[in-house]
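The values are calculated or read from the model by the stated rules, or taken from the named source; none is laboratory data. Values in this document were obtained by computation on a predicted structure and should not be read as measured data. We place every Cβ from the backbone using ideal geometry, glycine too, and count neighbours over all the protein chains shown.
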Amino acid sequence: MSTEKIKNEKNNNARQAWMATLARTSTDTLQNLIDDTGVEVNYTMPRPPEIGLCMVRGKMGGNGQRFNLGEMTVTRCVVQLEDNTAGISYVLGRDRRHAELAAVADALLINGSMNESVLSPMNESIQKKRQVRAEAVASTKVDFFTLVRGEN
């Protein structure tokens, strides 16, 4: 594998990670994050926030057949900064402002006006929320193999 391809793959993985973080971060936090850069952000929207649907697929067990579970609402947006850096976002739900701010933050991360390290507190917050939810779900788990059948 060429060094150029490896570099592009690392950049893509980093971008996927920060786009996932931006999509899960609240609108207010994104606004504060952009304001804290100290850069005046001027942009156009070649593709303003659009609300649409995407199909969610499921799979039973580790090797079951895939099936269409249902549709989910998604909002997408593309912004272009003055330096022609394009940022994109896809967020769950119908929050147009969230999609716009996530796309702006994506563009700022691409052109270097914002450092990836500012996303660390958001990642920690997301992980804490996941852990709290996992603990709540785990408390309702039933182990059917320990139940007694009640035969006499």
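Only one of these is of a type in the set (S, T, Y) and exposed (fewer than 13 other Cβ atoms within 10 Å of the Cβ): T44, T37, T25. Name it.
Details: T37 fails: exposed (fewer than 13 other Cβ atoms within 10 Å of the Cβ); T25 fails: exposed (fewer than 13 other Cβ atoms within 10 Å of the Cβ).
It is T44.
Counting the residues of the range 42-65 that are modelled with pLDDT of 90 or more and not hydroxyl-bearing (S, T, Y) gives 14.
When R57, R47, R94 are screened for being under 15 Å from the mean Cα position of the chain (by Cα) and either of a type outside the set (D, E) or not in a strand (DSSP E or B) (or both), only R94 passes. With the structure loaded, tell me whether R130 is under 14 Å from the mean Cα position of the chain (by Cα) and of a type in the set (D, E, K, R) or whether it fails that test. It is true that R130 is under 14 Å from the mean Cα position of the chain (by Cα) and of a type in the set (D, E, K, R).
Does at least one position in the range 133-152 carry a residue that is at pLDDT below 95, under 23 Å from N13 (Cα atoms) and assigned to a helix (DSSP H, G or I)?
Here is the first cut: in the range 133-152, the residues at pLDDT below 95 are 133-152.
After this cut, where a residue has to be under 23 Å from N13 (Cα atoms) as well, the list is none.
No - not one qualifying residue is present in the range 133-152.
A single entry from T37, T25 fulfils the requirement of being under 12 Å from H98 (Cα atoms) and either among the aromatic types (F, W, Y) or in contact (Cβ under 8 Å) with a residue 40 or more places away in the chain (or both): T25. In the range 88-112, of all residues being among the small types (G, A, S) and closer than 15 Å to Q31 by Cα, the one that is surrounded by the most Cβ atoms within 10 Å (Cβ to Cβ) corresponds to A102.
Every residue in the range 15-37 that is among the hydroxyl-bearing types (S, T, Y) and outside any helix (DSSP H, G or I), please. Walk me through how you get there before you give the answer.
Initially, the range 15-37 is screened for residues among the hydroxyl-bearing types (S, T, Y), giving 21, 25-27, 29, 37.
Matches in the range 15-37: T25, S26, T37.
Against the conditions (1) at pLDDT 90 or above; (2) loosely packed, with under 13 Cβ neighbours inside 10 Å; (3) part of a helix (DSSP H, G or I); (4) not basic (K, R), I6 satisfies every one except (1).
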